[in-house]
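Here's the structure we're looking at; comments come further down.
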Amino acid sequence: MTGYIIKRLIAMVVTLWFIITLTFFLMHSIPGSPFNEERNTSEAVQRNLEKFYHLDEPLYVQYGMYLKSVATFDFGPSIKKSSQTVNEMLGRGFPVSFELGIVTLIVAVFSGIALGIIAALRHNGFIDYLAMTIAVLGISVPNFVLATLLIQQLAVNLAILPVATWSSPKHMILPTLALATGPMAIIARLTRSSMLEVLTQDYIKTAKAKGLSPVKIVFKHALRNALLPVVTVLGSLAASILTGTFVIEKIFAIPGMGKYFVESINTRDYPVIMGTTVFYSSILIIMLFLVDIAYGVLDPRIKLHKKEAS
Amino acid sequence: MEKVLEVKDLHVTFTTYGGEVQAVRGVSFDLFKGETLAIVGESGCGKSVTSQSIMRLIPSPPGRIADGAVLFKGKDLTKLKESEMRDIRGADISMIFQDPMTALNPTITIGEQIIEGIMQHETISRQDARKKALEMLNLVGIPNPSERLKHYPHQFSGGMRQRIVIAMALVCEPEVLIADEPTTALDVTIQAQILDLFKDIQKKTGVSIIIITHDLGVVAQVADRIAVMYAGKIVEAGERREIFYNPQHPYTKGLLNSVPRLDLDGADLVPIGGSPPDLFAPPAGCPFAARCGYAMEVCDRVYPYKTHLSRDHHVDCWLQDERAQKMLAGVK
């Protein structure tokens, strides 16, 4: 097992290096620079600025310097918000995004799986159709539409929940709902289809023939086998939810990480683009690693390390 | 002999988009204590549906026990509540399915899969249940059982898995064991071992076995009595020797003729031509008439009555009618 983990860690570093390299050169291949704006800066100022951020050096030198600083977990200063470093921005934004993300994930996973199970057990019944209608709506209605509708109905018309900001549990309800619906729908559909498949398996018939109760059959025998495909999507889903979503955070005025992704690209804030990308990639890679570990836990046939088979 | 199970005029239908499929159309048989009854027939004749209906395991909907009764110790199983039925499944009547590769849950250790069955039906501590599981694994011939309890199904070979499935089915000492094609998925040597195991266990526990198969070789090895099914009906039934040496129904004869034989060197197999009737609209007369070399006019119109040839041996065929017998005698 430790051998496997070490191998995976090395692979993760290599993957990350690929991502950094690609992003770095792609970013610099786009014409323009952070200081090319409508505002007129004098030639001398521009040159000084570029010198300060080492933008006047050849690209491979900049690349080398960047790799060195990333290796020490220093993402450098922001160009546009000159008083802040990228580390500070991530340190401030990520906890908020993470909080929203975790709550959203919990809601999405539990309600999605529950909905999927109920739909599968009542296959082709009214509840199944209802659950799948909700799921299709959840997938096809964009979350910003849902968010605005929720705000209008629950916060403005009924005035039972706050409109925006992020300060108390009550404030968390609307953004969580808006953000969780899509993933919930995806999870519900996946759970349903894989549950339906598992329920026709012979070992479910065996469990029935043993006289087990329906509850035991569903939760002990079926669910575990049905969850593998759900776990697969969960990795990337979790990474994207945990690192913040621009739209939902914008709508609810939540000071998360999402805005840095988008703003940095618009303003060519090179260190921030790199920082957010590296950060997101790291989370994604870690999540995928956790998913692989979860496979081994869920299904004993999947061995993470070779040997030890009989 | 004591009657353990009595199936009376069982009708099972499946509702599909194309209409009602009458999979089982009035099947009756008795099962006595300690005997092995083989139900044989080709694919789709209703033998599996019959066996699953006894345990009420047919998927419903679309399946439905439309008529008839299944009497187990005087109780009609078709009338029981689902929760009462659950108490019978696994405890009084057990079932073994065809493919041991898929009949075990891949994510649960075999120990747990056996123990959960015991704990479902008996008030017993986990330790005692585990002890019982060990004894059972010993009985079905799993070497090193205490170690093997912790293993998952994929760590066993096909034959070993079928032994585990059998252990699981027998661990609560049921009175009836229904084995649906228990050896079809196994190779021939393992097949022989498993059949020996059935006989061995029957001797030790006195369990009554219904074995569903299309393999007459299996039947010859284990069955005491044989019921031949065709198109949802039992067309002939009797003791093993009677069926093998004195088959009366043309379908039974056809089945026996289509078995490869080592003693008749070079003889061609004689298949039964044609295919079984459509059970959406089963024929009014004998369902085998269209494929039968002896079919008479009456066969197409009226289903034959049951003729008893001996205490046990009975057949549904118009050839048994004395008028037909007279005619046959005349031909000779």
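Just to be sure I understand the curve: with the Debye formula and one point per C-alpha of the range A:1-79, what is log10 I(q)/I(0) at q = 0.17, 0.20, 0.27 Å⁻¹?
-0.80, -1.00, -1.37
What's the average, rounded to a whole number, of partner chain beta-carbon atoms within 10 Å of each residue's beta-carbon in B:147-155?
Across the residues of B:147-155, the mean count of other-chain Cβ atoms within 10 Å is 2.
Of A:LYS205/B:LYS81; A:LYS216/B:LYS73; B:LYS47/B:LYS150; B:LYS3/B:LYS81; A:LYS210/B:LYS131; A:LYS220/B:LYS8, which ones are farther than 25 Å apart at the Cα?
Over 25 Å apart, Cα to Cα: A:LYS216/B:LYS73; B:LYS47/B:LYS150; A:LYS220/B:LYS8.
Would you kindly state how much longer the chain becomes between B:LYS75 and B:SER125 on full extension, computed as 0.36 nm times their sequence separation minus their alpha carbon distance, in nm to one decimal?
15.0 nm
What does the charge count around A:LEU115 come to, taking other residues whose C-beta lies under 14 Å from its C-beta (Lys +1, Arg +1, Asp -1, Glu -1)?
Here the count lands on +2.
Please give every one of the aspartates and glutamates within straight-line cross-link reach of B:LYS203, meaning a C-alpha to C-alpha distance under 18 Å, and leave out same-chain neighbours fewer than 8 residues apart.
Answer for B:LYS203, where 18 Å is the Cα cut-off: B:GLU2, B:GLU35, B:ASP92, B:GLU135, B:GLU173, B:GLU175, B:ASP224, listed by chain and number.
Starting from the Kirkwood radius over alpha-carbon pairs of the range B:236-311, derive D by Stokes-Einstein at 25 °C in a medium of 0.890 mPa s and give it in µm² s⁻¹.
173
Considering only the protein assembly as shown, what is the antiparallel percent among its DSSP beta bridges, to the nearest 5?
65
What list do you get for A:SER240, A:SER168 if you sort them by fewest beta carbons within 10 Å?
Fewest-to-most ranking of A:SER240, A:SER168: A:SER168, A:SER240.
Rg to Rh for the range A:79-168: what is it, with Cα atoms only and Rh by Kirkwood?
Result: Rg/Rh = 1.13.
How crowded by other chains is B:111-120, given as the mean number of beta carbons from other chains within 10 Å of each beta carbon?
3
Simple spin-label model, 7 Å along Cα-to-Cβ: A:MET27 to B:ARG64 in nm?
About 6.8 nm, to one decimal.
For chain B, what is the convex hull volume of the alpha-carbon atoms per residue, in Å³?
So the per-residue hull volume is 154 Å³.
Any lysines with Cα under 16 Å of the B:LYS326 Cα? List them, leaving off those in the same chain fewer than 8 positions away.
none
At 20 °C and 1.002 mPa s, grab the translational diffusion coefficient of the protein assembly as shown from Stokes-Einstein with a Kirkwood Rh over Cα pairs, rounded to a whole number in µm² per second.
Diffusion coefficient, whole number: 71 µm²/s.
Would you mind working out the magnitude of the charge dipole of chain A relative to its Cα centre, with +1 at each Lys and Arg C-beta and -1 at each Asp and Glu C-beta, to the nearest 20 Debye?
Computed about the Cα centre, the dipole is about 1320 debye.
Using only the alpha-carbon atoms of the range A:211-308 as identical scatterers, what base-10 log of I(q)/I(0) does the Debye formula give at q = 0.12, 0.17, 0.21 Å⁻¹?
With one equal scatterer per Cα and no solvent, log10 I(q)/I(0) is -0.59, -0.84, -1.02.
From the P(r) of chain A, can you give the percent of Cα pairs sitting at distances over 32 Å?
44
Return the distance in nm (one decimal) between the two label points of a simple spin-label model at A:ALA71 and A:TYR295, each offset 7 Å from Cα along Cα→Cβ.
Once both label points are built, they end up 3.2 nm from each other.
Any chance you could list P(r) for the range B:105-173, counting all Cα-Cα pairs in 5 angstrom bins from zero, rounded to whole %?
Whole-percent P(r) values from 0 Å outward: 3, 20, 34, 26, 13, 3, 0.
Cβ neighbours within 10 Å, averaged per peptide: list B:287-295, A:138-146, B:304-312 in order, most packed at the top.
Going from most to least packed, we get B:287-295, A:138-146, B:304-312.
Determine ³J(HN,Hα), in whole Hz, for all residues of the range B:244-249 in sequence, where each value follows from phi through the Karplus function 6.51 cos²θ - 1.76 cosθ + 1.60 and θ = phi - 60°; x replaces Gly and Pro.
Calculated HN-Hα couplings, in order: 6, 9, 9, x, 10, 7 Hz.
Taking the range B:200-332, how much of its Cα-Cα pair set, in percent, is spaced more than 17 angstrom apart?
For the range B:200-332, the fraction of Cα-Cα distances above 17 Å is 65 percent.
I'd like the Kirkwood hydrodynamic radius of the range B:139-201, using the inverse of the mean 1/r over distinct C-alpha pairs, in Å.
Result for the range B:139-201, one decimal place: 12.4 Å.
Non-local amide H neighbours of B:ILE210 (under 5 Å, H modeled in plane, Pro and chain starts lacking H): which ones?
Under 5 Å from the amide H of B:ILE210: B:LEU37, B:LEU177, B:ILE178, B:ALA179.
Could you quote the convex hull projected area for the range B:165-207, Cα atoms only and averaged over all directions, in nm²?
2.9
Just name one of A:SER42, A:PHE94, A:GLY76: the one whose Cα is farthest towards the positive end of the charge dipole of the range A:1-116 (beta-carbon charges, Lys/Arg +1, Asp/Glu -1).
Checking the options against the dipole of the range A:1-116, the answer is A:PHE94.
Note down the nm distance, to one decimal, between modelled labels 7 Å out along Cα→Cβ at B:TYR294 and at B:LYS33.
Roughly 3.8 nm, to one decimal.
Using alpha carbons only, how many degrees (0 to 90, rounded to 10) separate the axis of helix A:270-298 from the longest principal axis of chain A?
20
For peptide A:193-206, how many partner chain Cβ atoms fall within 10 Å of a residue's Cβ, on average?
Partner Cβ neighbours, averaged per residue: 4.
When the Debye formula is applied to the Cα atoms of the range A:145-209, each taken as the same point scatterer, what base-10 log of I(q)/I(0) results at q = 0.12, 0.19 Å⁻¹?
Debye curve over Cα of the range A:145-209, log10 I(q)/I(0) at q = 0.12, 0.19 Å⁻¹: -0.50, -0.74.
What fraction of the Cα pairs in the range A:46-123, stated in percent, has a spacing above 22 angstrom?
So the portion of pairs separated by more than 22 Å is 53 percent.
Which one of B:ILE194, B:LEU170, B:GLN127 is farthest out on the positive end of the charge dipole of chain B, using unit charges on Cβ (Lys, Arg +1; Asp, Glu -1) and the Cα centre as origin?
In chain B, that residue is B:GLN127.
Divide, for the range A:90-266, the radius of gyration over alpha carbons by 2.2 N^0.38 Å, where N is the residue count.
Here the answer is 1.19, to two decimals.
If the only charges are +1 at each Lys and Arg Cβ and -1 at each Asp and Glu Cβ, what is the size of the charge dipole of the range B:105-173 around the Cα centre, to the nearest 20 debye?
200
Suppose every Lys and Arg Cβ carries +1 and every Asp and Glu Cβ carries -1, with no other charges. What dipole size does the range B:190-332 come out with about its Cα centre, to the nearest 20 debye?
So the magnitude is around 320 debye.
Stokes-Einstein D for the range B:207-279 at 37 °C, 0.692 mPa s, Kirkwood Rh over Cα pairs, in µm²/s?
244
Running a GNM on chain A with Cα contacts under 10 Å, which residue among A:SER78, A:SER282, A:SER213 ends up with the highest mean-square fluctuation?
Comparing A:SER78, A:SER282, A:SER213 in the GNM, the peak value goes to A:SER213.
Against the empirical 2.2 N^0.38 Å scaling, what ratio does the C-alpha Rg of the range B:139-268 come to?
Against the compact-globule rule of thumb, the ratio is 1.22.
By count of other Cβ within 10 Å, fewest leading, how are B:LEU134, B:LEU279 ordered?
Lowest count first: B:LEU134, B:LEU279.
Give me the percent of DSSP beta bridges within chain B that run antiparallel, rounded to the nearest 5.
Counting DSSP beta bridges with both partners in chain B, the antiparallel share is about 65 percent.
Based on other C-beta atoms within 10 Å, arrange B:MET327, A:MET27 from fewest to most.
Placing the least packed residue first, the sequence is B:MET327, A:MET27.
Using packing as a proxy for protection, rank A:183-191, A:64-72 so that the peptide with the highest average count of other Cβ atoms within 10 Å comes first.
Listed from highest to lowest mean packing, they are A:183-191, A:64-72.
In the protein assembly as shown, if the dipole is taken from +1 on Lys/Arg beta carbons and -1 on Asp/Glu beta carbons about the Cα centre, which of B:GLY274, B:PRO153, B:PRO182 is farthest to the positive end?
B:PRO153
Read-outs throughout are calculated quantities, based only on the coordinates presented, and are distinct from any laboratory measurement. Remember, predicted model here, so these are calculated numbers, not experimental data. Every residue, glycine as well, gets a Cβ built from its backbone with ideal geometry; the counts of neighbours run over all protein chains shown.
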